[in-house]
Amino acid sequence: MAIMFGSYDSFRTMIKHNVSDSDNNRLLGVGGQVLAATLAGGCEATLLPFERIQVLLQHKKYQNELKNTLHSIQVLKKSGIKEFYRGLSPVLIRNGMSNSIFFTLRTPIKDSLPQPKTPTGHVINDFISGAVLGAMISTVMYPINVLKTCMQSRIGGKFVGIQQTFWTVFKERNYSWRKMFRGVHINYTRSLISWGILNSMYELLKKYLSSGN
């Protein structure tokens, strides 16, 4: 999350300082937000190996084969560096789309809430806007996470693309979209809380740092 917020602000600043006045309004509007958010999502994807190892350690197939994180790294190294980035395509899609939705909608959602009159009210509104967006994004992106987990639940062998993985998983779930969202309630409950906290803390830290204290 630190990479997401930090790189987004860096890319927004970079866009602001490198566009002409005629393009300024367009690139600093929604288009600029989407571009910066997508680039930030790409930066987040550099941490994919950690997700990859987490999926393997949680998978029942490898409960007796992989001892811990260090052992998992040693096993994956045998198949080359590319093995650490299995499932990269759904991660890039998820990160880019999630970040774009989050950064373009969080301010409008906050502005639609009753205007706060105290600092605590601003924190509460930041929490609400982050929580609503987090729950929505995690729900919309849930099938992509399902595909990512499926792609990452193997070591070695052919690298299967996201389209083929989708049809394999969709068939396994009896071509039911409802089953593609199995377990989503746990995911959006977690996101509701975590994204609310993250968004409110981000705004607090940004105000604190910008004040020069």
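The values are calculated or read from the model by the stated rules, or taken from the named source; none is laboratory data. For clarity, every value in this text was computed on a predicted model and none was experimentally measured. So basically every Cβ, Gly included, is an ideal-geometry build from the backbone, and we count neighbours across all protein chains shown. Ligands, DNA and RNA are stripped out before the accessible areas are found, and what is left, the full protein with its side chains, is counted by its heavy atoms. Shrake-Rupley method; radii C 1.70, N 1.55, O 1.52, S 1.80 Å.
Points to keep in mind about this one:
- Any hit, the range 171-178, residues being part of a helix (DSSP H, G or I) and surrounded by 14 or more Cβ atoms within 10 Å (Cβ to Cβ): no
- Number of positions in the range 105-142 that are open to solvent by less than 20 Å² (accessible area, probe 1.4 Å), within 30 Å of Lys179 (Cβ to Cβ) and not hydrophobic (A, V, I, L, M, F, W, C): 3
- Ile197 vs. criteria in a helix (DSSP H, G or I) and of a type in the set (A, V, I, L, M, F, W, C): yes
- Some residue of the range 55-78 being out of contact with any Pro (no Cβ under 6 Å at 6 or more places or on another chain), among the charged types (D, E, K, R), under 28 Å from Gly96 (Cα atoms) and surrounded by 18 or more Cβ atoms within 10 Å (Cβ to Cβ): no
- Only one of the numbered conditions (1) in contact with a Gly (Cβ under 7 Å, 6 or more places away or on another chain); (2) at pLDDT below 95 is not met by Gln115, and that is (1).
- Members of the range 79-100 found to be without any contact (Cβ under 8 Å) to a residue 40 or more places away in the chain and either open to solvent by 30 Å² or more (accessible area, probe 1.4 Å) or in contact with a Pro (Cβ under 6 Å, 6 or more places away or on another chain) (or both), listed by number: Ile81, Phe84, Tyr85
- With respect to being on the phi < 0 side of the Ramachandran plot and open to solvent by less than 30 Å² (accessible area, probe 1.4 Å), Val184 fits the description.
- The residue pairs whose first member lies in the range 156-180 and is under 19 Å from Lys61 (Cα atoms), whose second member is open to solvent by 100 Å² or more (accessible area, probe 1.4 Å), and whose beta carbons are closer than 9 Å, counting only pairs six or more residues apart or on different chains, are Gly156/Lys78; Phe159/Lys82.
- Where a residue in the range 1-24 is more than 16 Å from Gly41 (Cβ to Cβ) and its partner, wherever it lies, is open to solvent by 70 Å² or more (accessible area, probe 1.4 Å) and modelled with pLDDT under 90, with Cβ under 8 Å and at least six apart: Asn24/Lys16
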